[in-house]
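The values are calculated or read from the model by the stated rules, or taken from the named source; none is laboratory data. If you're wondering where the values come from, they're calculated on a predicted model, not measured in any experiment. Cβ atoms come from the backbone with ideal geometry, glycine included; neighbour counts cover every protein chain shown. Protein only, heavy atoms only, side chains kept; ligands, DNA and RNA dropped before computing areas. Shrake-Rupley method; radii C 1.70, N 1.55, O 1.52, S 1.80 Å.
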Amino acid sequence: MRAAVVRTFGGPEAVEVVEAELPEPAARQVRIKVAAAALNPVDAGVRSGAFGGAGKQIGLGWDVAGTVDATGVATAWNVGDEVVALDYGMVKPLGTHAEYVVVDTDAVAKAPASVDAVAAATVPLNALTAAQALDLLELTPGQSLLVTGAAGAVGGFAVQLAAHRGIAVTGLARETDEQLVRSLGAAAFTATGEGSYDAVLDAAVLGEAALARVRDGGVYAGVIPQAQPASVRGVRTTAVEVSADGARLAELVRLVDEGVLTLRVAETFALDDAAKAHARLTEGGVRGRLVLVP
């Protein structure tokens, strides 16, 4: 099979599409024939060496939508099932930017019925990150939440999920994104981040500038593991480290099919054009995900 990998760190030109052995599922694993796989900023970090792994072949891609192609023992999935999954891991020899990928069975959920595979591939990493970050905040209906980077992938899902829970959401984004952010369910919008809130979900990684917007005794959640700012004024600070969770992913898929979560695809690329997709991501200003289609 073909797979996008890096063997030396660098810019988009470091991405290679190579021939690799077809992976075989072990017990409690399934092999998915990849229909679509989203490209995320974490892939750019892996490519540039931010997470280590020098001297190794490192596979790219965390999100996948496709069809179960083979199963190991002790799995509830069947060949032919259309699924989505999160393939967690910073430094791994193969990722989802490939023609096939093997994942643990409990990382898998049935694919949404209301969208195609390209759109479905935008769900796992970013929606799980948003949902698990909101869990850390422990907010109740009526409390106030500022979501930074509200027009981005994680931020956009966070706005929709929080609004669905009855939380009073203010979205922080560029002025040109106000209409988008309000359409996602934000009750208020800010381009400057003024105000005081019960909590902040800092999808834009503003750090202490976002922490300053949390009321005394409130809570801050970041999206880079172990990188949250130190606590001040009694504010609890934490950061999400996304985990593969097929049951939770199934809940998010249900919200997609119910219209609670909207999915945004900016552009698709052939797997052979993975380096071009990385170059587009590097340019910035992408609204929606870039998706590789083998």
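Couple of notes before you dig in:
- Between the alpha-carbon centres of the range 241-263 and the range 53-132 there is a gap of 13 Å.
- With distances taken between every two different alpha-carbon atoms, the chain has a Kirkwood hydrodynamic radius of 19.3 Å.
- Just the protein heavy atoms count here, and of the accessible area of the chain at 1.4 Å, carbon and sulfur take up 50 percent.
- The chain: most fluctuating residue of Ala35, Ala173, Ala279 per GNM, C-alpha cutoff 10 Å: Ala279
- What the chain shows is 41 Å² of accessible area per residue, with the surface traced by a 1.4 Å probe over protein heavy atoms.
- Within the listed set Gly53, Gly171, Gly142, the residue fluctuating most in the Gaussian network model of the chain (springs between alpha-carbon atoms under 10 angstrom) is Gly142.
- The chymotrypsin sites (Phe, Trp or Tyr not before Pro) of the range 27-104 that meet both conditions, a loop assignment by DSSP and at most 14 other Cβ atoms within 10 Å of the site Cβ, are Phe51.
- Percentage of interatomic Cα-Cα distances in the range 147-200 larger than 14 Å: 40 percent
- Fluctuation leader among Pro124, Pro225, Pro12 - the chain, Gaussian network, Cα springs under 10 angstrom: Pro225
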